[in-house]
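See below for the structure under consideration.
Nothing in this text is a laboratory measurement; each read-out follows from the coordinates by a stated rule. The structure displayed is predicted, hence computed values, not measured ones. Virtual Cβ from ideal backbone geometry, glycine too; neighbours counted across all protein chains shown.
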Amino acid sequence: MTELTAKSGALAPFQWSAQRNPPLLNAVIWTGAIGFIAILALAAAFDPTIRLLHLFQALMYVAVIALTARGNRWGLFMGVSIAGFWNYMTMFVNSFFRDGVRALSQSFAQGQVLHPDLIIAVFAVVFHFAMIVACLAAYLRLSQKSWADLAAWLVTLVGQACYFAAIMALFQPRYLSQFPKILHPHGL
């Protein structure tokens, strides 16, 4: 334990947490992350032009798994940030989720799977909501929290958005047009 932790009783956000997440919460976080990685792989199978983008995007989820396995609160911040940002973009900025819901509805109505490349967005949103809930639950059960955690979460949110923009710029610049819409989404 560092001197800062010993004196204040608070855990600085840059330190490893000695408190492990409950196995059930880790299982939900990891299922959400691995499920989303599978969605990324499936989407790349449908559209080979996004393979490199999705490979580098998957690394964020690998980091969440690795950090939460060690009980590091940064993994929780990343899990909420990455999943929340992607869900926000998918539900309010672009039409991935709406198109997926429409395709899923049409599939049920016609009794056959139509546009599986669109339907996977619905499952991606579900995996992300599972990650968000489990990461928040794991954070709330931590015995040591501080207001510095809010700043750390904001840094994580901005950092992952910058990383996401950078890999888009490198591998699929056509998607960068979504970023200006973040503050003014078109809504549902």
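Brief remarks follow.
- Neighbours of A63, meaning other residues whose beta-carbon lies under 15 angstrom from its beta-carbon, give a summed charge of +2 when Lys and Arg score +1 and Asp and Glu score -1.
- Note on V113 and A38: the model spin-label points, each 7 Å out from Cα along the C-beta direction, lie 1.2 nm apart.
- Projecting label points 7 angstrom from Cα along Cα→Cβ for R174 and V155 puts them 3.7 nm apart.
- Local electrostatic count, L53, Cβ distance below 12 Å [Lys/Arg +1, Asp/Glu -1]: +1
- 0 to 90° range, to nearest 10: angle between helix 116-140 axis and the chain longest Cα axis: 10
- In order along region 166-173, the phi-based Karplus estimate (6.51 cos²θ - 1.76 cosθ + 1.60, θ = phi - 60°) of 3J(HN,Hα) comes to 5, 6, 5, 4, 6, 10, 8, x Hz; Gly and Pro are listed as x.
- Within the shell of other residues whose beta carbon sits under 15 angstrom from the beta carbon of T90, the net charge comes to +1, with Lys and Arg scored +1 and Asp and Glu -1.
- Backbone HN-Hα couplings from phi across region 104-113 [Karplus 6.51/-1.76/1.60, Hz, Gly and Pro as x]: 5, 4, 5, 5, 5, 5, 9, x, 8, 6
- Volume per residue of the convex hull around the Cα atoms, evaluated for region 106-165, comes out as 106 Å³.
- A simple spin-label model places the labels of A66 and T31 2.5 nm from each other, with each point 7 Å out along Cα-to-Cβ.
- Candidate values (i) 16.4; (ii) 11.7; (iii) 11.0 were compared with mean projected area of the Cα convex hull in nm² computed on the shown model; the agreeing label is (ii).
- Applying the Karplus relation 6.51 cos²θ - 1.76 cosθ + 1.60 with θ = phi - 60° to region 29-44 yields 3J(HN,Hα) values of 4, 5, 5, x, 5, 5, x, 5, 4, 5, 4, 4, 5, 5, 4, 5 Hz, where x marks Gly and Pro.
- Comparing R174, R141, R51 in a Gaussian network model of the chain where C-alpha atoms under 10 Å apart are linked, the largest mean-square fluctuation is found at R174.
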